[in-house]
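The values are calculated or read from the model by the stated rules, or taken from the named source; none is laboratory data. Model, not experiment: these values are computed from the prediction. When we count neighbours, we look across all protein chains shown, and the Cβ atoms used for this are built from the backbone with ideal geometry, even at glycine. Just the protein is used for accessible areas: all its heavy atoms, side chains included, with ligands, DNA and RNA removed. Shrake-Rupley method; radii C 1.70, N 1.55, O 1.52, S 1.80 Å.
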Amino acid sequence: MKSYRSRLIAVLVCLAVLRALYVAYGPFDLSPDEAHYWEWSRRLDLSYYSKGPMVAYVIAFFTSIFGVTDLGVRIGAVIFSALSSYMIFLLGKELFESERVGFYSALLVNVVPLYAIGAILMTTDGLLVFFWAASVYSLKKAIDGERNWWYATGALIGLGFLGKYTAVLLYPVAALYLLSVKEQRRWFKRFEPYGAGIISLVFATPVIYWNISHGQVTI
């Protein structure tokens, strides 16, 4: 019997191939947002007026490989959706100590219409979903006592912020959880959570600097 992990990887690879073929040969042109982000990718910068820079760099990277095509612009969405599904598998496995739960959690998210659409459209939401799921997984490991995972959490939230600013909302969510669970309040007296915040701030520096240089246009 194959493990649930192996089954999931096989399913995600098949889904990724099908989605890539649909993107390459399907009937739909780029959406306005995708075209907008593609324009950004032609003029790479530290940030942009309404979003962080990651979406532009992802598109620039893949169009350098696949050319300026629908596939080149959108293949990042296909890849990040597969990675997000795998992170959801890891999170389900970690929370419930069951690969079976993780497997069906990852399958279930792929039949949600909004998620399925986001798996073929290259927007900032696909980046947010991946880094949010990865951050929650890392945070779970950190709260369980593996202290170095706090710093990984800070890095993941910082990277998520470069994709979409709402990634930073994981901090108040985490703080509310720590406050609500008595035995977890000890973390407020330790350096690790604050160290995670510092690391996130370092990753956010390009956006901050760009705004200082452009009249705080994002604000």
Taking the range 1-90, the equivalent ellipsoid from its C-alpha gyration tensor has semi-axes in Å, biggest first, of 28, 16, 10
Sorted by accessible surface (1.4 Å probe, heavy atoms of the protein chains only), largest first, ILE9, ILE212, ILE75, ILE219 come out as ILE219, ILE212, ILE9, ILE75
Please give the length that would be gained between LEU30 and THR69 if that part of the chain were fully extended, namely 0.36 nm times their separation in residues minus their C-alpha to C-alpha distance (nm, one decimal).
13.1 nm
Computed E for ARG7/ILE117 - FRET, C-beta separation, R0 25 angstrom, nearest 0.05
0.55
Name the residue, out of PRO193, PRO27, PRO206, whose mean-square fluctuation peaks in a Gaussian network model built on the chain with Cα pairs under 10 Å.
PRO27
Carbon and sulfur atoms: what percent of the 1.4 Å accessible area of the chain do they account for?
69 percent
Length added when fully stretched, TYR49-SER213, from 0.36 nm per residue minus Cα-Cα:
57.9 nm
Using protein chains only and a probe of 1.4 angstrom, how many square angstrom of VAL112 are accessible, to the nearest 10?
70 Å²
With TRP210 itself left out, Lys, Arg at +1 and Asp, Glu at -1 over residues whose Cβ is under 14 Å from its Cβ give +1
Evaluated over the chain, the Cα radius of gyration and Dmax, each in Å:
18.5, 60
On the formula 1/(1 + (r/R0)^6), with r taken between the Cβ atoms of LYS189 and GLU97 and R0 of 22 Å, the FRET efficiency rounded to 0.05 is 0.15
From highest to lowest solvent-accessible area (probe 1.4 Å; ligands, DNA and RNA excluded), PHE89, PHE191, PHE130 read PHE191, PHE130, PHE89
Among the DSSP H helices of the chain, those whose Cα atoms extend at least 20 Å along the helix axis and whose mean Kyte-Doolittle hydropathy is 0.0 or higher are 4-25, 70-96, 124-143, 149-163, 192-213
Formal net charge of residues neighbouring SER50 (Cβ-Cβ distance under 11 Å; K, R +1; D, E -1):
+1
Label-point separation, VAL168 to LEU201 (7 Å along Cα→Cβ), nm:
1.1 nm
Accessible surface, per residue, of the range 97-219 when the full set of protein chains is kept, probe 1.4 Å, Å²:
54 Å²
Just to confirm a number: summing +1 for Lys and Arg and -1 for Asp and Glu over residues other than ASP144 whose beta-carbon lies under 15 angstrom from that of ASP144, what do you get?
+1
